[in-house]
Amino acid sequence: MSSNHSAIQDQVRLPLRVAWGIVVQGIRIRLGRSVVTLLGVVLGVAFLMSILSSSLLRSRVVGEIQARQQTAAMVGFLLAESGNLSGRTLVVWRGAEPDDIEQRFLREIFRPGAARPLEVKDFAPTGADDRPSLIIVLGGALPSDVWESISPHLRQPVAVFTRTLVSDPSGAGVLLRRPPSEEDLQRQAQEAAQQRVRTIWILCIAALVTIISISNALLMSVTERFREIGTMKCLGALSSFIRRVFFLESALMGLVGGVAGSLFGLLFAAILYALSYGWGLVFGSLPVLPLLGAMVICLAAGIIASILAAIYPAGVASRMVPADALRTNI
Amino acid sequence: MPVTTARLDALKIRSGDASGSCVIRAVEVKKIYRMGTVETHALRGTTLEIYRGEYLSIMGPSGSGKSTLFNMIGALSKPSSGKVYIDQVDVAQLDFDELAWFRCRKIGYIFQTYNLIATMTCLENVTLPMSFAGMDAEAGRERGVELLKLVGLGERILHKPSELSGGQQQRVAIARALANRPDIILADEPTANLDQKTGGEMIELLARLRNDLGVTIISATHDLKMLKRSDRIMWINDGRIQKVARPGEIDFSSNEFH
Ligand SMILES: Nc1ncnc2c1ncn2[C@@H]1O[C@H](COP(=O)(O)OP(=O)(O)O)[C@@H](O)[C@H]1O
Ligand SMILES: [Mg+2]
């Protein structure tokens, strides 16, 4: 050995493969405890995921419910104006492309058995019995020439507006869609902010509990492997190798626990929402991409938490003096 | 810092044992264990030289400091005072990584309790020090099989330690100790947990390895057979070396051995 001075790569190289093998075998052998540790990660991550996916699902569900409520309110205002719709003809003026709410509204009032639509361009004066009831204005503006040519032939000379009342040649138009008041909006924003703070607080506690429980499990693992670690040091393992074994074990836990936890968390939240808002509504409009994003966040959180949790146990293991680990008479 | 032989050569003492015939030298080594207020003087100033290629047995009652001495001369822990030179290198000058390098390549350890990694097969146990030394996996496997054949376990390379008898486990441990062609084998009461016959086989095996491979063997033991096989015997009591003798100079029938 001493005869060869040049370019000697005598450095103790420690293939990751060996550490990986030790980790996998260690987990296999201590499967029971590994599963318990894993459960801690799964629970923590599932909690995070259920909160993240809840807010994603809620935004979908809340939008849907608001849209439904708004549509129903519009239909209600229309009925108050026109009375029973069935068999009626309603003139439709498209001042603008109908938006989502207007489309829902149209589908509702022109569904089979309800009113019949009649576009302004198809309008022709008819006999007294066949006259349309009123005119519905989609979007903002109703040109005065349209109003003047059609209003004499309506049963009720009334224009109902689905969006705004800014251009109303009838002078007594009815607005169906009424926006929420400033006060309502403010209160909602305040509640949302409070909710966010609460959520973050709970998440921090959950993260801490998860990290401590993983750390504890790893410390147990260190104690259990006292002799094994000492033996490996006698065989030439570097401290960095010992650390790597524990970081790898922990990161693996974080990965597996993160995948399982985020799936469980998502499932839990989705089922909860489906039970209260209907399966079709929740599973019909799953925000797939944002949910995938949340899963990535959860995976990263699981792995980061595991690695943080491993710092102390890995340090304890790597600082162990081999002689101490090998004592037979303790 | 990467360990290089150049660095280790630079650390070698230039005075004294220039021939290199002395593979381990301990000078006035003391070891004090402190547990709370209690101090245990496990070694009280031990000076010894161990020669390349010899078979040295260390005798002494339980608690006399044999294992402590092994830990010192095996670079497993640091003396409270005094110096230990392994292959002329002052161990105290080595950092953690260099110590690991040393343990990996210079010394093979054999323990009373075998200390095989329970989760690994025999072959994996034997190849572990080789992967620590950076040996290519394929070459390591080949050498592992060779070593297991050498200790008579060629048929059991894929067994787990729990599937083997004590003697077989100790054979695996011997193969493992030889993995990186160490200069020194340190065996701390290797036959203490084995029956007479198996212990005898283990001693034969060690003696054969010493003859075939020229490796220095240092063994703590109570085993008479081991004493007879060794080149020198060292008695230690209460942390002090009492006497050193060759087997020929000893009366094995005296009271001391019964
Ligand atoms: N890590 C330790 N901490 C405290 N005391 C120890 C430790 N190791 C050994 N000792 C004490 O040092 C003395 C020598 O022990 P040891 O070297 O193990 O003797 P032997 O191997 O000859 O039985 C004993 O009194 C033992 O209790
Ligand atoms: Mg001992």
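Let me confirm something: among B:Ser131, B:Ser64, which residue is crowded, with 21+ Cβ neighbours inside 10 Å and either within 25 Å of B:Leu205 (Cα to Cα) or away from ligand 1 (no atom under 16 Å from the Cβ) (or both)?
B:Ser131
Please give the number of the condition B:Leu116 fails out of (1) within 14 Å of chain A (Cβ to nearest Cβ); (2) without any contact (Cβ under 8 Å) to a residue 40 or more places away in the chain.
Among (1) within 14 Å of chain A (Cβ to nearest Cβ); (2) without any contact (Cβ under 8 Å) to a residue 40 or more places away in the chain, B:Leu116 violates only (2).
Considering (1) away from every other protein chain (no Cβ under 14 Å); (2) aliphatic (A, V, I, L, M); (3) open to solvent by less than 70 Å² (accessible area, probe 1.4 Å); (4) within 16 Å of ligand 1 (Cβ to nearest atom), say which one B:Val27 fails and leave the rest.
Exception for B:Val27: condition (4).
Quickly run through region B:57-79 and pick out the residues that are of a type outside the set (Val, Ile, Thr), part of a helix (DSSP H, G or I) and closer than 20 Å to B:Pro182 by Cα.
Residues satisfying the conditions are B:Ser67, B:Leu69, B:Phe70, B:Asn71, B:Met72.
How many of the residues making up region B:174-208 are at negative phi and touching a residue at least 40 places away in the same chain (Cβ under 8 Å)?
So the answer is 20.
So which helices (runs of 4 or more DSSP H) are wholly in region A:266-330 and hold at least 3 residues that are within 16 Å of ligand 1 (Cβ to nearest atom) and of a type outside the set (Val, Ile, Thr)?
Here the list reads A:322-326.
Being in a helix (DSSP H, G or I), within 48 Å of the chain's Cα centre (by Cα) and touching a residue at least 24 places away in the same chain (Cβ under 8 Å) is the filter here, so list the residues in region A:107-154 that pass it.
Listed by number, the residues that qualify are A:Glu108, A:Ile109, A:Val120, A:Ser144, A:Val146.
Can you pull out every residue in region B:52-66 that is small (Gly, Ala, Ser) and in contact with a Ser or Thr (Cβ under 7 Å, 6 or more places away or on another chain)?
Scanning region B:52-66 gives B:Gly53, B:Ser57.
Looking at region A:12-23, is at least one residue away from chain B (no Cβ under 12 Å) and in contact (Cβ under 8 Å) with a residue 40 or more places away in the chain?
Looking for residues that are away from chain B (no Cβ under 12 Å) and in contact (Cβ under 8 Å) with a residue 40 or more places away in the chain, one finds none in region A:12-23, hence no.
Output the residues belonging to region B:67-91 that are open to solvent by 10 Å² or more (accessible area, probe 1.4 Å), within 12 Å of chain A (Cβ to nearest Cβ) and more than 16 Å from ligand 1 (Cβ to nearest atom).
B:Asp87, B:Gln88
Return yes when B:Met120 is under 21 Å from A:Val245 (Cα atoms), buried (at least 23 other Cβ atoms within 10 Å of the Cβ) and over 16 Å from the mean Cα position of the chain (by Cα) and no when it is not.
Answer is no for this residue.
Examine region B:190-206 for a residue that is surrounded by 15 or more Cβ atoms within 10 Å (Cβ to Cβ), within 16 Å of ligand 1 (Cβ to nearest atom), modelled with pLDDT of 90 or more and assigned to a strand (DSSP E or B), and state whether such a residue exists.
No, region B:190-206 has no match at all.
Among (1) open to solvent by 40 Å² or more (accessible area, probe 1.4 Å); (2) within 12 Å of chain B (Cβ to nearest Cβ); (3) closer than 20 Å to A:Ile303 by Cβ, where does A:Asn216 come up short?
(2)
In region A:279-330, which residues are in contact with a Phe, Trp or Tyr (Cβ under 9 Å, 6 or more places away or on another chain), within 14 Å of another protein chain (Cβ to nearest Cβ) and modelled with pLDDT under 85?
Within region A:279-330, A:Asp324, A:Ala325, A:Leu326, A:Thr328 meet the criteria.
Regarding region A:274-293, can at least one residue be identified that is crowded, with 21+ Cβ neighbours inside 10 Å and over 30 Å from A:Ser59 (Cβ atoms)?
no
For residues that are in contact with a helix residue (DSSP H, G or I) (Cβ under 9 Å, 6 or more places away or on another chain) and within 16 Å of ligand 2 (Cβ to nearest atom), scanning just region B:43-68, find the one that is nearest to B:Arg232 (Cα to Cα).
B:Ser57
The values are calculated or read from the model by the stated rules, or taken from the named source; none is laboratory data. It should be emphasised that the depicted structure is a prediction, and the values quoted were computed from it without experimental measurement. Note that each Cβ is placed from the backbone with ideal geometry, even for glycine, and that neighbours are counted across all protein chains shown. All accessible areas refer to the heavy atoms of the entire protein, side chains included, with ligands and DNA or RNA removed. Shrake-Rupley method; radii C 1.70, N 1.55, O 1.52, S 1.80 Å.
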